[in-house]
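Undergrad: There's a structure below that I have some questions on.
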Amino acid sequence: MPDKGHNRKTRTMTSIFDGIEKAATTRSGNWVRPGTYHAQINGVRLTQKFTGERFVAVEMKVVGVVDDDNGQGHRIGEEVVHLMKVSSPNFLGNFKQFACSTLGCTEAELGQVEADRITSDEQPLAGIVVEFNAVLTDTRQGNKFTKVIYRGEIAAVEDKGDEADSGEAA
């Protein structure tokens, strides 16, 4: 009986999954859109595109919507990412504004050690709920970009109502 491929000797091939243990997972590509939001920080990571360009990615989950830019913004539950391009001349100032607002520190209190810690494996900002405002603005070259301003840590949405009347008589 002719061999129809069922009894062929097993070839030793390289698996398409070689190196998967070291691969970084793809995270949300849902960039921040204009509006004002409350969001829980999932992580702050230093990341690199295949071109070598480096970014700091602030990965968040929207937990509250203050202003959704007339229905064009995000919804509660959406995973969003704010990217800060390391090569941008405004990178250090933008990162400092994010870090100081989120940590509740002064600009003078934020140094390289503290900034490095934010993007480290420790992830000290994970779980913090922040308010931020994003607006679409023009660059000097006439291109559009989204400017994100963090307004600081706020009480988690789940914590609202903790101080509400429990129904017991005083």
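Undergrad: By count of other Cβ within 10 Å, fewest leading, how are L125, L92 ordered? Intermediate results must be reported in sequence, preceding the final value.
TA: On the way: L125 21, L92 12.
The order, fewest Cβ neighbours first, is L92, L125.
Undergrad: Still on this structure, please answer the following. Arrange the following residues from fewest to most other Cβ atoms within 10 Å of their Cβ: S87, S120. Write down the numbers at each step before the final one.
TA: Values: S87 8, S120 12.
Lowest count first: S87, S120.
Undergrad: Just to check I understand the Karplus step: with θ = phi - 60° and J = 6.51 cos²θ - 1.76 cosθ + 1.60, what whole-Hz values come out for the range 29-43, glycine and proline as x?
TA: x, 8, 6, 4, 10, x, x, 10, 9, 10, 9, 8, 6, 8, x
Undergrad: If r is the Cβ-Cβ distance from R140 to S87 and R0 is 25 Å, what FRET efficiency results, to the nearest 0.05?
TA: Numbers: r = 16 Å, r/R0 = 0.64.
So, using R0 = 25 Å, E works out to roughly 0.95.
Undergrad: OK, next. Please work out how much length the chain gains when fully extended from R75 to T47, using 0.36 nm per residue of separation minus the C-alpha to C-alpha distance, in nm with one decimal.
TA: Numbers: separation 28, 0.36 × 28 = 10.08 nm, distance 2.55 nm.
Full-extension gain reported as 7.5 nm.
Undergrad: If we count other beta carbons within 10 Å of each Cβ, what is the order of V113, V58, V63, fewest first?
TA: Details: V113 7, V58 27, V63 18.
By the 10 Å Cβ count, ascending: V113, V63, V58.
Taken together, the values in this text are just the output of simple stated rules run on the coordinates, not laboratory data. This structure is a prediction, so every number in the text was calculated from the model and none was measured. Positions of Cβ are backbone-derived with ideal geometry, glycine not excepted, and every protein chain shown enters the neighbour counts.
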